[in-house]
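Notes for the one structure printed next.
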Amino acid sequence: MQSSDDLRSLFQDAAAKLAAVKEEGGGLIVMTGAGMSVMSGVSVFRSKDGKMTPEFLRFLEGYNEAQRGHRLPEAKDWFDFSVGSMFKCQTAKEAWDYWKWRVARANVMPARDYALLKQLMDYFGKDRCFAVTSNCDSLHLKSGGVSEDNVLEIHGSLAFLQCSEPCCEELFPITPYLPYLAKDDFVPSCPRCKRECLRPNVLVFDDFNFEDTRERVQRENYRRFLKKFETPDSKRRLAVLEIGAGVVVRSIRANADHLGSEGRCLIRVNPSKEDCEFEHRSLREKGVGLATTSEKALEGILQSLGQ
Ligand SMILES: [Zn+2]
């Protein structure tokens, strides 16, 4: 963590950069990873070095037992466990043991950091903010910070189910299934083909069955949003605020780096000082790294903005 004096001046720097973008009629892109949902209680099941928690290993073992029973190869780690084929009928029950746990853990209310983020978005104006997230917990939507038209969930959402061998493009809201998913042996089956099981509309590894209807709409909304803030010199009147993005799966960080280099500034929030650093030279000028929690960073920025 940085010292409190360092942080205070960094909050002011970040706030000044954000205010300048707002002043020129620009927009705010918020990019969030797992770290943003920690305060809300969505547990992280992988540590920074990629190691799995004991709870996760229990699901992996259950799955491997079923795999062995069907003379199928065992999964070594998360990368060959959390795959599209895990929902095949031989292992659907074990796959769902894991996903029920994920669903239950994501079914929380957004904590104070999301409320602070909403405040910052309100400062910019709702139509000038967009959230891009690798989280599948719908907390940006639940907190009211953004509307359905202003969010891109790059790994999908646990709020929806789809057929596991897509017989249709339809997505099924998870809410009516929640009471059943609390039961140990329940595996939801597709109401359309009545043959395959349903699975979360979440992108996993080697996923050839992810139903991307919703994602396509979100990507189109995102493209349109970016276009609104393009400048004649192919830059963008945008501030990028990245919060809690991981370093194991780097999708959010890579997106933030890219957009930050086209935009006016990149503010990176991560409790680890080394994870706050900017690899690209072009970003060192425009970048502000805040080595603190999402709550403290947002509070500090809002205070410096006089909000
Ligand atoms: Zn089906």
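We did not get these values from a lab; they are worked out from the coordinates using the rules stated. Keep in mind that what you see is a predicted model, and the values were worked out from it rather than measured. Note that each Cβ is placed from the backbone with ideal geometry, even for glycine, and that neighbours are counted across all protein chains shown.
In terms of distances greater than 23 angstrom between alpha carbons, the cross-link table entries K100/K126; K93/K183; K22/K142; K235/K273 yield K100/K126; K22/K142; K235/K273. Which residues among the stretch 263-295 fall inside the zone where the amide N is under 14 Å from a point 7 Å beyond the Cα of S234, along Cα→Cβ? Residues passing the 14 Å test: 263. Where does the Debye-calculated log10 I(q)/I(0) of the stretch 1-78 sit at q = 0.24 Å⁻¹, using only Cα point scatterers of equal weight, no solvent? At q = 0.24 Å⁻¹ the computed log10 ratios are -1.11.
The ranking of M31, M109, M39 by Cβ neighbour count inside 10 Å, starting from the fewest, reads M109, M39, M31.
Using equal-weight Cα scatterers in the Debye expression, the normalised intensity of the chain in log10 at q = 0.07 Å⁻¹ is -0.29. Listed from fewest to most Cβ neighbours within 10 Å, the set H140, H70 follows the order H70, H140.
Against the chain, whose longest principal axis is taken from its Cα atoms, helix 294-304 shows a tilt of about 20°. Ranking P173, V202, C190 by Cα position along the charge dipole of the stretch 144-203, where only Lys, Arg, Asp and Glu carry charges on their C-beta atoms, puts C190 farthest toward the positive end.
Calculated mean residue ellipticity at 222 nm for the chain: -12000 deg cm²/dmol, from DSSP H runs with n ≥ 4 weighted as -39500 (n - 2.57), summed, divided by the residue count and rounded to 500. Summarising the label geometry, the points placed 7 Å from Cα in the beta-carbon direction at Y180 and D212 lie 2.9 nm from one another.
Restricting the count to DSSP beta bridges whose residues both fall in the chain, what percent are antiparallel, rounded to a multiple of 5? So the antiparallel bridges amount to about 30 percent of the total. Shape summary: the stretch 106-256 maps onto an equivalent ellipsoid whose semi-axes, from the alpha-carbon gyration tensor, are 31, 18, 14 Å in decreasing order. Cβ crowding within 10 Å ranks S147, S37, S85 as S147, S85, S37, fewest other Cβ atoms first.
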